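Before any comments, here is the structure.
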Amino acid sequence: MRFLQGIAVGGQWGGVTLLLTESASSRNRGLAGSFCQMGVPIGVILGNVAFLVASASMSATSFGSWGWRVPFLFSALLFPVLAFIQLRFEDTPAFKELQAQRAASPSAAAKSPLLAVIRQHWRPILFGAGLLFACNSIFYVSISGLLDYGTRALHLDRNGLLLIVLISSAVNVGIIMLSGKLSDRLGRRPLILVGAVILTLWAFPMFWLVDTASLGLILVAVTVGGFGSSLIYGPLAAYLSELFRPEVRYSGASLAYQLASILVSGGTPFLMTALLAATGTSASVSAFLALMALCTLGSALLLPETIGAKASTAAAAAAAAATPAPSA
């Protein structure tokens, strides 16, 4: 089911992002794209509330036997919302313009945008994926790895940890929107660079607080980490879409986003468990988080700023910035 979910997100994230950012004016693309990004913490909130309600309304035995399935079944209620969006929303002005150009000159239409973007823009795809390394790793450590570590190693109450994740996610919703809005004024890269620096510096203090086994201090640890992550995540929808030309934008942005999910997101909880088992200390997890934050910092430094630039110009700059200079 997780594999099928990944296919679904892989197909929909790029489309939703482009629908929002291409329909907005150039001065509001960051804010518009942040609404897509806010879906992640909102989903975490809904999921945690569902599990808290389910676990509180039945015995532990019933919850472990069959009750945990109920929230998953209720998630099917979201399907009509998705179907409405898929069937009723119109294409963006940029896509309609591209369709008109291809209709006027059919021979210029790209036969395979996916192959074209991999062949011509593979470096922006790789660096675009790197932008997500920091926020993806700390996100999965906070919502998944920390639950296992907190209950198994620190002997904390699971519901208390779920409540911490819920509170932190509620804060992240506002920060993601704010960072998206600020990126329209300050630029995409400055917010991402600040977020990456925060996560680099916070990697070790975060687990120093977690290891106290104090729910209050763990809340501080997760919330500060979520703040740094949200500064990165908010502008990313607009930033990734602006790095690619319209004809390969859907494929390029989606590949960058999902490549980060393959390389970092899915395996992070398992890697965290393996690091703890191999080293016996949470410092190894902190080192991993710091490394991921440095990858994001380096990727942001190697990519150009896109705010205020035309999409084609920004895409060309991204390709040029990521291409090594020819030798003499």
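Worth pointing out:
- Condition check for Trp13 on (1) within 25 Å of Gly226 (Cβ to Cβ); (2) at pLDDT below 85; (3) among the hydrophobic types (A, V, I, L, M, F, W, C); (4) surrounded by fewer than 19 Cβ atoms within 10 Å (Cβ to Cβ): one failure, at (4).
- Cβ pairs under 6 Å, 6+ apart, first in region 226-237 and under 13 Å from Lys181 (Cβ atoms), second surrounded by fewer than 24 Cβ atoms within 10 Å (Cβ to Cβ) and not aromatic (Phe, Trp, Tyr): Ser230/Ile175; Leu231/Val194; Ala237/Cys36
- Residue match in region 210-226 (condition: among the charged types (D, E, K, R), touching a Ser or Thr at 6+ places or on another chain (Cβ under 8 Å) and either assigned to a helix (DSSP H, G or I) or at pLDDT 95 or above (or both)): yes
- Flag if Asp157 is buried (at least 19 other Cβ atoms within 10 Å of the Cβ) and on the phi < 0 side of the Ramachandran plot: no
- Selected residue (criterion: nearest to the chain's Cα centre (by Cα)) from residues of region 141-166 that are in a loop (DSSP other than H, G, I, E, B) and not aliphatic (A, V, I, L, M): Asp157
- When Ser26 is tested against (1) more than 30 Å from Ala129 (Cβ to Cβ); (2) surrounded by fewer than 19 Cβ atoms within 10 Å (Cβ to Cβ); (3) polar (S, T, N, Q), exactly one condition is not met: (1).
The values are calculated or read from the model by the stated rules, or taken from the named source; none is laboratory data. Source: prediction; values computed, not measured. As a convention, Cβ positions derive from the backbone with ideal geometry for all residues, glycine included, and neighbour counts pool all protein chains shown.
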